1. Would you confirm whether or not the stretch 92-100 contains a residue that is touching a Ser or Thr at 6+ places or on another chain (Cβ under 6 Å), in contact (Cβ under 8 Å) with a residue 12 or more places away in the chain and farther than 18 Å from Val164 by Cα?
2. Does any residue of the stretch 132-141 turn out to be touching a Lys or Arg at 6+ places or on another chain (Cβ under 6 Å) and at positive phi?
3. Any chance you could count how many residues in the stretch 103-127 are more than 16 Å from Thr180 (Cβ to Cβ), outside any loop (DSSP other than H, G, I, E, B) and touching a helix residue (DSSP H, G or I) at 6+ places or on another chain (Cβ under 8 Å)?
4. When you check Ala169 against the structure, is it in a loop (DSSP other than H, G, I, E, B), surrounded by fewer than 15 Cβ atoms within 10 Å (Cβ to Cβ) and of a type in the set (A, V, I, L, M, F, W, C), yes or no?
5. Could you figure out which of (1) in contact (Cβ under 8 Å) with a residue 60 or more places away in the chain; (2) in a loop (DSSP other than H, G, I, E, B); (3) of a type in the set (D, E, K, R) isn't true of Glu147?
6. Would you mind stating whether Ala41 is aliphatic (A, V, I, L, M) and either at pLDDT 95 or above or touching an Asp or Glu at 6+ places or on another chain (Cβ under 8 Å) (or both)?
7. Take Cys243 and decide whether it is in contact (Cβ under 8 Å) with a residue 40 or more places away in the chain, assigned to a loop (DSSP other than H, G, I, E, B) and among the hydrophobic types (A, V, I, L, M, F, W, C).
8. For the stretch 37-78, which positions are touching a His at 6+ places or on another chain (Cβ under 8 Å), buried (at least 18 other Cβ atoms within 10 Å of the Cβ) and assigned to a loop (DSSP other than H, G, I, E, B)?
Amino acid sequence: MWLTVLPACVGDPVVSEPPRACNGSEALCARALSEIAIAVAHNAMNVEAEGWLLPNQHLGYEDQVVDGIRGFMLDVHDDAGVATLCHGDCGLGSEPLLDALIRLRLLLEARPYDVFVLILQDEIEPPGIVDAFEASGLLPRVIGGIEPWPTLSQLIAADTRLLVTHEGARPDAPAWYHATYELAWDNDYAAASVEDFGCDVLRGDRGHEVFLLNHFLTNPLASEALAAEANPADVLLEHIERCEAEAGQRVDWIAVDFYDVGDVLSVVESLNQR
């Protein structure tokens, strides 16, 4: 058992001494980041507990990580010249990208055996994002080359434990700022009901090593009630198994709303035991 410390304020590390395993499991150490299941918090910044309106998650990054989230989808906009996390309208909630990156750096420092994935919906050009990474002190821990994909144990040994990807077309982006859909492919995220969950390619190409499964409902907005429909084990496993059969490829990263509703984390744990 390791010591859990309640944070005094937002941004404080929650766990001071993590287990000596790779993302919580010794069995994952020999596997590549493209070969493990990861629970991804969709719009991870859009958090009810921190006062954001129309949230996608209940809890902030610190609690997300303690609970088992290892992937974060964040939307980056320009707000008065500052790279800022917003979900469309910054009046509904916002956080400077720099502040969020500092929080993630503190989490990585507190959890030296964890590897994170950051997927940015980048609505600004790379320089503003690169500046925030440089100022945050995160760059030394960012994963550079991934050909071939390194194992978790290799990433942990090198202390490069944050994969950063972006959704936009950014030919001038630095090498560590990877294009999401050159590494991965995903299914359509526009699902209003469980019956709408599909497996067809939305972005990227089948054959890319990572299958990112969008598994959240929006009708017309995200809600805890919709997550209660989407996140039970039987619903999630049916979607996963159907898409894996259609694609002939395993699901790797699973993006969800309100991850703490339903059985998302236990399903991800079971996938990593395959």
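The values are calculated or read from the model by the stated rules, or taken from the named source; none is laboratory data. Computed from a prediction, not measured in an experiment: that's the story for all the values here. Virtual Cβ from ideal backbone geometry, glycine too; neighbours counted across all protein chains shown.
1. yes
2. Yes.
3. 5
4. When the stated conditions are applied, Ala169 passes them.
5. (1)
6. For Ala41, the condition - aliphatic (A, V, I, L, M) and either at pLDDT 95 or above or touching an Asp or Glu at 6+ places or on another chain (Cβ under 8 Å) (or both) - is met.
7. No: the conditions fail for Cys243.
8. Within the stretch 37-78, Asn43, Met45, Asn46, Trp52, Asn56 meet the criteria.
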